[in-house]
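J.: Quick one: the structure is below, and I'll ask about it shortly.
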Amino acid sequence: MSDSGLITASELRQTHRRVILRVVHILVLVGIAIAGVGPLLWLVAASLNTTGEVLSDPIGVFARMTQWHNYVDAFQNVDTARLLLNTLAVAAGTALLTVIVALSAGYVIAILRPRWAPLLAAGVLATIFLPAVVSLVPLYLTTVDMFGTGLSLQNTFWAVWLPAGANAFAVLLVTGYLRSLPRELVEAASIDGAGPLRTLWSIVLPLSRPILGVVALLAAIGAWKDYLWPSLVLTNPSMRPISVALPIIERSTDLATFFAVLVVASIVPIVLFLIFQKPLLASAGATAGLKD
């Protein structure tokens, strides 16, 4: 065993050093857990207290978690259900469109490989280095007046879906995955008479499900928490997602009820991650282990 680390193998055989090392490990893990989960647990506890109790004794909220009616008020007084449905529509549409665009572009670049594929890949890569604020104004002007035609996408979910679907990172991620697929499968399908669309549907799509699941989940979570762009193009109160409505709710709602709305808004992406945690991590590990 190498002795080049901070603690050598001979030192680890000493009982008191092993105990100290385990204590340090436990303290580090507890610190990470408190830093990561602590704020969320406090938010849940605060949502089950009254506003006066939260303001007078913020640390004591864990001992008084009895105000369950705050969650009832969150749905009766704030219309949280409609906000969640709007957010779900935004997230689902964004995930679907991102998968379609990423798979289509990746298929052209990595599988079909036309002569202009390197130019397309370079163009997609170049957009990653552009700050998002640079394209904000042109994108907004295009959304409110589609190329001077007078057609406006404002206050429609398409105004959020279309820009979010053109995700350069997702395209590059899917492209890298498709490049790792065995080329022999595509060539065999071509010899059997399968066209590009049939090859995409029967060969590439089934093999790409792991990476497409990762792309869809990342796109959905990103859309769920996005604030700036939806606040610009979804100005109609009936179209707003919950991320845009939260600052308005904070100014017009009791603090404890607002905390309950925050918990409801946070719990959905957390549940999504917990449900798809194993396939997500497995797909990420498989992607990292693929060779060109």
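J.: Need a quick list: helices (runs of 4 or more DSSP H) entirely within the range 49-119 having at least 2 residues that are open to solvent by 50 Å² or more (accessible area, probe 1.4 Å) and closer than 20 Å to Ile211 by Cβ.
T.: So the answer is 80-106.
J.: Continuing with the same structure: Among the residues of the range 204-217, write down those that are closer than 14 Å to Tyr177 by Cβ and part of a helix (DSSP H, G or I).
T.: Val204, Leu205, Pro206, Leu207, Arg209, Pro210, Ile211, Leu212, Gly213, Val214, Val215, Ala216
J.: Pick out the one residue from Arg183, Arg113 that is at positive phi, modelled with pLDDT under 90 and of a type outside the set (Phe, Trp, Tyr).
T.: Among Arg183, Arg113, only Arg113 is at positive phi, modelled with pLDDT under 90 and of a type outside the set (Phe, Trp, Tyr).
J.: Those residues that are within 17 Å of Leu212 (Cβ to Cβ) and buried (at least 18 other Cβ atoms within 10 Å of the Cβ), I need them from the range 177-191; list them, please.
T.: Of everything in the range 177-191, those that are within 17 Å of Leu212 (Cβ to Cβ) and buried (at least 18 other Cβ atoms within 10 Å of the Cβ) turn out to be Tyr177, Leu178.
J.: Identify, from the list Val160, Val144, Val174, Val124, the residue that is in contact with a Pro (Cβ under 9 Å, 6 or more places away or on another chain) and either open to solvent by less than 80 Å² (accessible area, probe 1.4 Å) or of a type in the set (S, T, N, Q) (or both).
T.: Numbers: Val144 fails: in contact with a Pro (Cβ under 9 Å, 6 or more places away or on another chain); Val174 fails: in contact with a Pro (Cβ under 9 Å, 6 or more places away or on another chain); Val124 fails: in contact with a Pro (Cβ under 9 Å, 6 or more places away or on another chain).
Criteria check complete, one pass: Val160.
J.: On the basis of being hydrophobic (A, V, I, L, M, F, W, C), over 30 Å from Ala117 (Cβ atoms) and at pLDDT 85 or above, does Ala89 make the cut?
T.: So Ala89 passes the test.
J.: Among the residues of the range 222-255, which ones are surrounded by 17 or more Cβ atoms within 10 Å (Cβ to Cβ) and β-branched (Val, Ile, Thr)?
T.: Val233, Ile242, Val244, Ile249, Thr253
J.: Also, I was wondering about something else. Within the range 120-162, can you find the residues that are assigned to a helix (DSSP H, G or I) and of a type in the set (Val, Ile, Thr)?
T.: Val124, Thr127, Ile128, Val133, Val134, Val137, Thr142, Thr143, Val144, Val160
J.: Quick check on Leu172: is it in contact with a helix residue (DSSP H, G or I) (Cβ under 9 Å, 6 or more places away or on another chain) and under 30 Å from Val244 (Cβ atoms)?
T.: It is true that Leu172 is in contact with a helix residue (DSSP H, G or I) (Cβ under 9 Å, 6 or more places away or on another chain) and under 30 Å from Val244 (Cβ atoms).
J.: For the range 169-192, how many residues meet the condition of being touching a residue at least 12 places away in the same chain (Cβ under 8 Å) and either farther than 15 Å from Ile100 by Cβ or acidic (Asp, Glu) (or both)?
T.: Going residue by residue through the range 169-192, those that are touching a residue at least 12 places away in the same chain (Cβ under 8 Å) are 169-181, 185-186, 189.
From what's left, either farther than 15 Å from Ile100 by Cβ or acidic (Asp, Glu) (or both): 169, 172, 176-177, 179-181, 185-186, 189.
Matching residues across the range 169-192 total 10.
J.: Could you tell me which of the residues Ser202, Ser208, Ser238 is touching a helix residue (DSSP H, G or I) at 6+ places or on another chain (Cβ under 8 Å), under 30 Å from Asp145 (Cβ atoms) and not aromatic (Phe, Trp, Tyr)?
T.: Going through Ser202, Ser208, Ser238 in turn, the sole match is Ser238.
The values are calculated or read from the model by the stated rules, or taken from the named source; none is laboratory data. Values in this document were obtained by computation on a predicted structure and should not be read as measured data. Virtual Cβ from ideal backbone geometry, glycine too; neighbours counted across all protein chains shown. Surface accessibility is based on the protein's heavy atoms, side chains included, excluding ligands, DNA and RNA. Shrake-Rupley method; radii C 1.70, N 1.55, O 1.52, S 1.80 Å.
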